[in-house]
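Q: First the structure, then my questions, so here it is.
Taken together, the values in this text are just the output of simple stated rules run on the coordinates, not laboratory data. The structure presented is a predicted model; accordingly, all values stated were derived computationally and were not measured. Quick reminder, even Gly has a Cβ in these numbers, built from the backbone with ideal geometry, and neighbours come from all protein chains shown.
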Amino acid sequence: MFKKKRKYEDYAVAILVENELSQVEYDKLAEPFSDEIGVGVVSEIKVGHYVKEWEVLQRKFPEQQPSSFPRFVILRVHEDKVNQAIKEMERKNWWDWLFNAIHPDEYMIAEDKIMYDYENAEFYTDKFEEAVAYLNNK
């Protein structure tokens with residue numbers, strides 16, 4: 001009921017893939033991002049189900065049409081929007097919140113919905129080195 005507010009990092013990284021990565025491949029791609037200050041979440045996202053998100057990326061980055069996978073999307077995380085989404089979820093499930101019965105997955109769903117809003121994408125590429133360099137320069 002009385003939880004300490006979570007502090008969110010400035011950026012999230014989405015690694016877009018055609019086929020699921022092995023754990024070794026994922027670790028190899030995610031580790032440099034995890035070491036960056038300001039990157040809180042690195043997620044692997046299979047592209048087959050995300051048609052609407054593709055349209056957003058194509059509209060935001062018309063000059064960037066990566067040709068290969070994996071692709072990297074760097075998104076700015078707006079902490080106030082994430083906290084607002086969590087408050088709305090708690091308001092909607094008020095009785096569960098009152099008895100501390102909201103499942104942690106519900107919090108993750110609310111967070112991910114805002115963190116991975118592709119309207120907040122700042123950088124999009126299929127080149128791993130460019131994505132890491134972009135975050136190093138921030």
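Q: If you stretched the chain out fully between residue 79 and residue 50, how much longer would it get, using 0.36 nm times the residue separation minus the C-alpha to C-alpha distance?
A: 8.1 nm
Q: Helix 104-115 versus the longest principal axis of the chain: what angle, 0 to 90°, nearest 10, using Cα atoms?
A: Tilt relative to the chain: about 50 degrees.
Q: While we're looking at this one, here's another question. For a 30 Å ceiling on Cα separation, which of these pairs sit above it: 92/138; 60/81; 28/87; 28/92; 60/92?
A: 92/138; 28/87; 28/92; 60/92
Q: When the chain is modelled as a GNM with alpha-carbon springs shorter than 10 Å, which of 92, 113, 81 fluctuates the most?
A: Its mean-square fluctuation being the largest, the pick is 92.
Q: Here is a further query. Once the other residues with Cβ under 10 Å from the Cβ of residue 14 are scored (Lys, Arg +1; Asp, Glu -1), what is the net sum?
A: That works out to -1.
Q: About the Cα centre of the chain, how large is the charge dipole given +1 on each Lys and Arg Cβ and -1 on each Asp and Glu Cβ? Please answer in debye to the nearest 20.
A: Once rounded to the nearest 20, the dipole reads 580 debye.
Q: While we're looking at this one, here's another question. Hey, can you grab everything whose amide H is under 5 Å from the amide H of residue 122? Only 5+ residues off in sequence or another chain; H modelled, so Pro and N-termini drop out.
A: Distant-sequence amide H within range of residue 122: 74, 75, 76.
Q: Over the chain, what is the relative contact order in percent, taking alpha-carbon pairs closer than 8 angstrom and at least six residues apart?
A: Once normalised by length, the contact order is 33 percent.
Q: If Lys and Arg each add +1 and Asp and Glu each add -1, what is the summed charge of the other residues whose beta carbon sits under 13 Å from the beta carbon of residue 88?
A: That sum, taken over residues with Cβ under 13 Å, equals +1.
Q: Next question, about the same structure. Just the number, please: percent antiparallel of the DSSP beta bridges in the chain, rounded to the nearest 5.
A: Counting DSSP beta bridges with both partners in the chain, the antiparallel share is about 60 percent.
Q: Could you tell me, in Å, what Rg and Dmax come out for the Cα atoms of the stretch 7-138?
A: 15.9, 50
Q: If one takes the longest principal axis of the Cα atoms in the chain, at what angle in degrees, from 0 to 90 and to the nearest 10, does the Cα axis of helix 51-60 lie?
A: So the inclination is approximately 60 degrees.
Q: Sticking with this one: Computed FRET efficiency, Cβ-Cβ of residue 9 and residue 112, R0 22 Å: what is it to the nearest 0.05?
A: It comes to 0.95.
Q: R0 = 25 Å: FRET efficiency of residue 60 with residue 88, Cβ-based, nearest 0.05?
A: 0.45
Q: Answer rounded, prolate or oblate for the stretch 84-138, using the Cα gyration tensor with square roots of eigenvalues a ≥ b ≥ c: rounded when a/c is under 1.5, else prolate when a/b is larger than b/c, else oblate.
A: prolate
Q: Could you tally the net charge around residue 54, taking each other residue with its Cβ under 15 Å from the Cβ of residue 54, Lys/Arg +1 and Asp/Glu -1?
A: -1
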